[in-house]
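S.K.: Okay, handing you the structure first.
What follows is calculated from the coordinates using simple rules that are stated; it is not laboratory data. These figures come from a predicted structure and were not determined experimentally. Reconstructed Cβ throughout: ideal geometry from the backbone, glycine too, with neighbour counts over all protein chains shown.
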Amino acid sequence: MGAALLCAPFFSSVVLAANALLTSSDDEAKKSYLPGIASGETIATLASRGQRQMDFSGIECAATKKGDGWCSTATKCS
């Protein structure tokens, strides 16, 4: 990563998404997702509007199979 330009979602997946899970109180989500994120099996990201308090109302997220992987789309309406 340091020797060349890395075109991969490293910071948003490994750092932000994992840290959001680590600081959450959802132990079941931690057990389900953190091992996959750590091993590279699970790709995760964090979406935020920069608000201090998270409001999860109005969130819509869908994932569809695309080739050998998945494509996800999400929206958040205030």
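S.K.: Count charges around L22 for me, please; just the other residues with Cβ under 15 Å from its Cβ, Lys/Arg as +1, Asp/Glu as -1.
M.R.: My count for the surroundings of L22 gives -1.
S.K.: Just grab the label-to-label distance for D27 and W70, each label 7 Å out from Cα along the Cβ direction, in nm (one decimal).
M.R.: So the label points at D27 and W70 sit 2.5 nm apart.
S.K.: If you don't mind, another one. Using θ = phi - 60° and the Karplus relation 6.51 cos²θ - 1.76 cosθ + 1.60, list the HN-Hα couplings for region 17-33 in order, rounded to whole Hz, with x at every Gly or Pro.
M.R.: 5, 5, 5, 4, 5, 4, 8, 7, 9, 8, 5, 5, 5, 4, 5, 6, 9
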